[in-house]
1. How about region 56-100: which chymotrypsin sites (Phe, Trp or Tyr not before Pro) there are in a DSSP loop, with at most 14 other Cβ atoms within 10 Å of their Cβ?
2. Counting other C-beta atoms within 10 Å, which of 155, 85 has the fewest, and how do the rest follow?
3. Relative to the Cα centre, what is the charge dipole magnitude of the chain, using +1 at the beta carbon of each Lys and Arg, -1 at the beta carbon of each Asp and Glu, and rounding to the nearest 20 debye?
4. In what sequence do 64, 210, 203 fall when counting other Cβ within 10 Å, fewest first?
5. Treating only the Cβ atoms of Lys and Arg (+1) and Asp and Glu (-1) as charged, compute the dipole magnitude of region 1-129 about its Cα centre; round to the nearest 20 debye.
6. Please report, to one decimal in angstroms, the Kirkwood hydrodynamic radius of region 20-142 built from all distinct Cα-Cα pairs.
7. Extension gain residue 1-residue 175, at 0.36 nm per residue separation less the Cα-Cα distance, in nm?
8. Trypsin sites (Lys or Arg not before Pro) within region 171-228: which are DSSP loop residues with at most 14 other Cβ atoms inside 10 Å?
Amino acid sequence: MDKLKYKARAKVNLGLDVCGRLPNGYHKVKMIMQAIDLYDELEFNKRKDPDIILSVDSKDPLGDIGNNLIFRAAKLMKEYYSIKEGIEIHLKKHIPVAAGMAGGSTDAAATMLAMNELFELGQTREQLMEQALRLGADIPFCIQGGTALAEGIGEKLTQLPPMIKCPVLIAKPSISVSTKFVYQNLKLDEQTNHPDIDALMKDIREKDFDGVCAHMGNVLESVTIPNYPVIAEIKQQMMRSGAKASMMSGSGPTVFGLFEDGETAKRALREMKRSGLAKQVYLTTIYNNRRK
Ligand code: ATP
């Protein structure tokens with residue numbers, strides 16, 4: 001096999017809590033990660049020479065190619081597994097960039113999975129996940145997919161039973177939100193409204209859709225919403241259009257909404273586009289197929 005195509009799926013956080021700060025400045029988190037069927041397309045071609053060549057087709061700027069997570073993942077794989085040949089990779093970007101949807105991490109995960117196959121490295125998913133951690137805390141989840149609890153700094157993963165499949169509306173406003181700013185301004189005291197992640201896990205296990213919607217929560221909204229009111233406006237717009245729950249994903253600024261039926265979700269998509277609140281709007285679904 002000399003070439004491969006891969007779909008690299010985005011994630012949303014159904015729940016995100018920050019439990020404390022570690023001495024090294026990192027934050028202890030407790031999050032529910034969920035893959036969705038919004039994806040980047042990647043194409044991989046083996047090369048006889050040792051070069052890694054990356055080309056990108058993206059509406060949003062992705063910065064320096066040498067710093068792209070795809071390039072860094074390919075370099076890591078080549079070095080760690082002493083691969084002599086090179087690889088040519090083309091990325092067609094669809095996932096909103098710097099949006100709290102793990103776009104870069106999922107591209108890196110797809111690169112590691114594809115190179116494992118193309119170069120017949122014979123690594124298990126767990127072995128790849130261990131390597132992936134060196135590049136970023138979200139990448140192991142992107143290798144695994146499905147639904148998972150992430151603890152520690154996001155790297156300690158526990159697989160959960162599949163989430164109820166439902167339509168998911170994604171809306172990203174045109175603002176940029178710095179992850180560093182959000183975490184630096186997060187106040188953790190007795191006033192902090194922490195989501196009940198354990199209750200959320202129970203709802204997922206029991207396939208209780210109303211329970212999931214009631215217990216979804218993201219502690220980082222306590223920073224982003226006062227600073228970027230458009231996030232609250234998008235949430236309200238989704239709820240008015242019939243979403244059963246609406247929340248910011250990760251450190252934002254993307255907002256997602258869960259719907260019970262496809263028709264309501266399609267109407268909500270049209271209404272969100274018409275509102276002009278969000279620059280990028282997509283309708284997708286929960287994606288539960290895990291990687292082998
Ligand atoms: P997370 O949810 O993991 O915090 P994110 O969705 O907020 O991630 P990304 O879309 O991964 O953020 O992009 C963050 C930054 O990473 C971008 O500004 C971009 O410069 C850089 N980056 C590197 N590689 C990629 C890639 N393949 N796709 C998108 N961004 C990338």
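No value in this document is a laboratory result; all are computed from the given coordinates. Since we're looking at a predicted model, the values are computed, not measured. Every residue, glycine among them, receives a Cβ derived from its backbone with ideal geometry; neighbour counts consider all protein chains shown.
1. Working: sites: 71, 80, 81; in loops: 81.
Those that pass, being in a loop and sparsely packed, are 81.
2. On the way: 155 17, 85 14.
Lowest count first: 85, 155.
3. Values: 40 positive and 36 negative charges, 95 e Å.
The calculated dipole for the chain is roughly 460 debye.
4. Values: 64 7, 210 11, 203 23.
The fewest-first ordering by Cβ neighbours comes to 64, 210, 203.
5. Taking the Cα centre of region 1-129 as origin, the dipole is about 340 debye.
6. 15.3
7. Working: separation 174, 0.36 × 174 = 62.64 nm, distance 4.25 nm.
Here the segment from residue 1 to residue 175 would lengthen by 58.4 nm.
8. Working: sites: 180, 187, 202, 205, 207; in loops: 187, 207.
Sites meeting the loop and neighbour criteria: 187, 207.
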